[in-house]
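One structure below.
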Amino acid sequence: MDGHAHVFRSAAASPRGVDELAPADREATAEDLLVHMDAAGVTSAVLVPLDGADDDVAEALDRHPSRFAAVAVATPAELGTGGVDPVTALRARRDRWPFGALRTMWLGEPGRPVADSPALPVLRALAAEQLPLWSYLPPEQLPLLEELVRLLPELPVVLNHLGFCPHDMWVDEHRRPRFADPFPEPLVERLLRLGDAPLVHVLVSGQYALSTEEPPYADLFPVTRRLAAVYGAERLLWGSDHPWPSDVPGYPVLTGLVDAALPDLDQRGRARVLGGTARALFPRLAAPAG
């Protein structure tokens, strides 16, 4: 099971945002993803919109309910900065379509306690409903997450892309996001400490954007193995980050990265990372499709 994949249509067909990575004419449809998945033997996937415009993902769930679960991207309404009650906004959005997690790059004002954040009511609601927080936080937001997992230890959290904190992105010649110096040692140590919170998980994905090497991205083996030693297979999940790496190096290559980085996994652990953890987080896909 693919734990993290993006689908979207052109900006003319969808109200999504436009940037260098996803220019107005670029598309990555759910049906294109299914072609890649079927060729690689992947039965199901967790879809993630590019931003708060979630029409494409919602429609994909409606067309393929046995193949997809989904994450929504938080908007100011859910984060408590949009002038409406954030919990009401979250519930109204879930009434419109059945997403199973909420992604954010913002938890509150840096330097202020997360307990004072306008997003806290929604974070409490996620914890109460056991909906994962899909965390993709820039460096200045990481202290808020460290506070949050102490304040709400019952909140499931998924650290995107090996826990990397996004900064200074550029787009390469293959139309993929890239980042330099993704894992300075102080960050790695903080990610390992986050593993003390029992419901924090790590998405094993994004290697193509973080590595300076060709597949299997051996320069990321040390950090991947350190994370695995703390989190265990029960809290790791594989994701492709489609469509960015699906042409180069190719979707089938991505499914083999877990075996390359974590060769000591036993059969049960491998099954957990390659689908079991994601299915536990998204009960609508609790059984393999087919």
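The values are calculated or read from the model by the stated rules, or taken from the named source; none is laboratory data. On a predicted model such as this, the values are computed, not experimentally measured, just so you know. Heads up, the Cβs are rebuilt from the backbone with ideal geometry, glycines too, and the neighbour counts pull from every protein chain shown.
If a residue must be more than 12 Å from the chain's Cα centre (by Cα), buried (at least 20 other Cβ atoms within 10 Å of the Cβ) and assigned to a loop (DSSP other than H, G, I, E, B), how many such residues does the stretch 226-249 contain?
Residues in the stretch 226-249 being more than 12 Å from the chain's Cα centre (by Cα), buried (at least 20 other Cβ atoms within 10 Å of the Cβ) and assigned to a loop (DSSP other than H, G, I, E, B): 3 in total.
Mind listing whichever residues of the stretch 92-103 are under 18 Å from Pro156 (Cβ atoms) and surrounded by fewer than 20 Cβ atoms within 10 Å (Cβ to Cβ)?
Those that are under 18 Å from Pro156 (Cβ atoms) and surrounded by fewer than 20 Cβ atoms within 10 Å (Cβ to Cβ): Arg94, Pro98.
Out of all the residues in the stretch 232-282, which are over 18 Å from Asn160 (Cβ atoms) and either at pLDDT below 95 or in contact with a strand residue (DSSP E or B) (Cβ under 6 Å, 6 or more places away or on another chain) (or both)?
Residue satisfying the conditions is Thr255 alone.
Hey, does the stretch 11-25 have a residue that's farther than 28 Å from Leu144 by Cα, surrounded by 14 or more Cβ atoms within 10 Å (Cβ to Cβ), out of contact with any His (no Cβ under 6 Å at 6 or more places or on another chain) and hydroxyl-bearing (Ser, Thr, Tyr)?
So far as the stretch 11-25 goes, yes, one or more of its residues are farther than 28 Å from Leu144 by Cα, surrounded by 14 or more Cβ atoms within 10 Å (Cβ to Cβ), out of contact with any His (no Cβ under 6 Å at 6 or more places or on another chain) and hydroxyl-bearing (Ser, Thr, Tyr).
Please list, ordered by first then second residue, the pairs with beta carbon atoms under 9 Å, 6 or more apart or interchain, first in the stretch 206-228 and free of Cβ contacts under 8 Å to residues at least 12 places away in the same chain, second loosely packed, with under 13 Cβ neighbours inside 10 Å and hydroxyl-bearing (Ser, Thr, Tyr).
Going by the 9 Å Cβ cut-off, the qualifying pairs are Asp219/Thr212.
Can you find even one residue in the stretch 44-64 that is over 16 Å from Arg9 (Cβ atoms) and surrounded by fewer than 21 Cβ atoms within 10 Å (Cβ to Cβ)?
no
Is at least one residue of the stretch 85-99 closer than 23 Å to Thr255 by Cα, of a type outside the set (S, T, N, Q) and touching a strand residue (DSSP E or B) at 6+ places or on another chain (Cβ under 6 Å)?
Within the stretch 85-99, not a single residue is closer than 23 Å to Thr255 by Cα, of a type outside the set (S, T, N, Q) and touching a strand residue (DSSP E or B) at 6+ places or on another chain (Cβ under 6 Å).
Filter the stretch 250-268 down to residues that are surrounded by 15 or more Cβ atoms within 10 Å (Cβ to Cβ) and assigned to a helix (DSSP H, G or I), then give me how many there are.
Of the residues in the stretch 250-268, 7 are surrounded by 15 or more Cβ atoms within 10 Å (Cβ to Cβ) and assigned to a helix (DSSP H, G or I).
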